1. Using a simple spin-label model with points 7 Å from Cα along the Cα→Cβ vector, what separation in nm is obtained for ASP242 and LYS116?
2. So which trypsin sites (Lys or Arg not before Pro) in the range 139-240 pass both tests, a DSSP loop state and at most 11 other Cβ atoms within 10 Å of the Cβ?
3. State the cysteines of the chain left without a partner when partners are defined as other cysteines whose beta carbon lies under 4.7 Å away.
4. For GLU9 and GLU269 in the same chain, what is the full-extension length gain: residue separation times 0.36 nm, less their Cα-Cα distance, in nm?
5. For CYS180 and LEU138, FRET efficiency with R0 = 45 Å and r from the beta-carbon atoms, rounded to 0.05?
6. With only alpha-carbon pairs counted, each pair once and no self-pairs, how large is the Kirkwood hydrodynamic radius of the range 142-287 in angstroms?
7. Measure up LYS5/LYS81; LYS69/LYS250; LYS75/LYS185; LYS96/LYS116; LYS172/LYS250; LYS124/LYS254 against 21 Å on the Cα-Cα distance and list the ones that go over.
8. Taking a quarter of the surface of the convex hull around the Cα atoms of the range 3-138, what do you get in nm²?
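A short reminder: the numbers here are calculations on the coordinates, not readings from a lab. All values derive from a computational prediction rather than experimental measurement. So basically every Cβ, Gly included, is an ideal-geometry build from the backbone, and we count neighbours across all protein chains shown.
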Amino acid sequence: MTAMKKIEENLRKEAKRLLEGGEVSVVLAYGRGYDENHPMPFAARTVEDVDSLVFNEYCTFNLARYLPKYPPKTKIAVAVKAADSRAVVQLIQEEKVRREDLVILGIPVTGMKDQKTGEVIDNKTTCNMANPVLYDILLGDEIHGFKGGSPYDVLAELEGMDHDARMAFWKKEFEKCIRCFACRKACPMCYCDPCFMDASRPRWADKSPTPDGHLMYHLTRFYHLAGRCIDCGECSRACPVDIPLYLFHKKLAKECEDMFQQAAGMKIEDKPAMVNYGNQDSDEMLK
Ligand code: SF4
Ligand code: SF4
């Protein structure tokens with residue numbers, strides 16, 4: 001049996017046990033899509049639903065996205081890969097989710113693939129970690145000795161550009177934006193309600209898809225995610241016009257890690273970098 005099949009089998013076994021025993025009222029995991037390469041997020045609520053659960057290399061969605069939508073005290077089991085587990089940790093840090101409401105089903109895995117391109121995403125759009133940072137039940141064997149390189153290696157080309165070239169690069173990319181907000185919808189850390197883009201009093205940004213409005217939306221969203229983005233890559237994969245949003249998020253994550261010696265969502269006991277002021281903190285970002 002392959003490692004992915006074993007994870008799928010364990011996922012069904014644990015989901016059935018948790019739902020049957022009434023330990024949780026919902027299991028957030030993956031279900032069948034229109035073919036094997038297009039599984040979908042799936043909420044199993046009954047033992048019968050469990051037969052629809054699947055896991056394979058195309059189960060890239062970050063299910064932490066759905067956690068803040070449930071009222072506190074709802075008992076939820078959630079299947080998480082490494083980056084997804086960091087989103088859960090970050091949401092707990094930000095008091096959007098209660099640890100005691102969760103049963104975290106950890107998925108140790110590498111070799112996940114983009115549904116659109118078939119490309120392996122580990123060291124491109126994601127944080128390139130193999131094992132979840134937090135779990136209650138591990139659905140596969142912990143992976144040892146995975147050496148995928150730094151998640152920031154993909155920044156080399158962008159970092160090699162001067163200021164004008166970088167600005168031109170992003171302006172060209174943002175021109176493609178159709179302001180569908182799929183990036184916002186897919187992101188586990190984009191839970192503001194209302195989002196500043198939807199506010200009308202005050203009206204922060206042009207709601208029609210103009211170049212200036214695009215810049216306002218993306219730069220504000222990028223900076224709102226500074227120190228909070230856990231590098232799952234969901235925003236980039238959700239984008240219908242393939243804007244490489246992950247490059248900007250990774251660049252900010254790298255800068256934050258350098259400044260505050262803390263990556264987002266790694267430990268529950270950490271405080272979010274941007275809300276935890278210390279006299280020793282660098283003020284480089286203000287210059
Ligand atoms: S900004 Fe993108 S990569 Fe970062 S947490 Fe949100 S969806 Fe994931
Ligand atoms: S998903 Fe892509 S096209 Fe849609 S708003 Fe985000 S960047 Fe723009």
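1. About 0.7 nm, to one decimal.
2. Taking the range 139-240 and a limit of 11 other Cβ atoms within 10 Å, the loop trypsin sites (Lys or Arg not before Pro) found are LYS147, ARG203.
3. Singleton cysteines: CYS59, CYS127, CYS177, CYS180, CYS192, CYS195, CYS229, CYS232, CYS239, CYS256.
4. 90.4 nm
5. 0.80
6. The answer is 16.9 Å.
7. Exceeds cut-off: LYS69/LYS250; LYS75/LYS185; LYS96/LYS116.
8. 7.6 nm²
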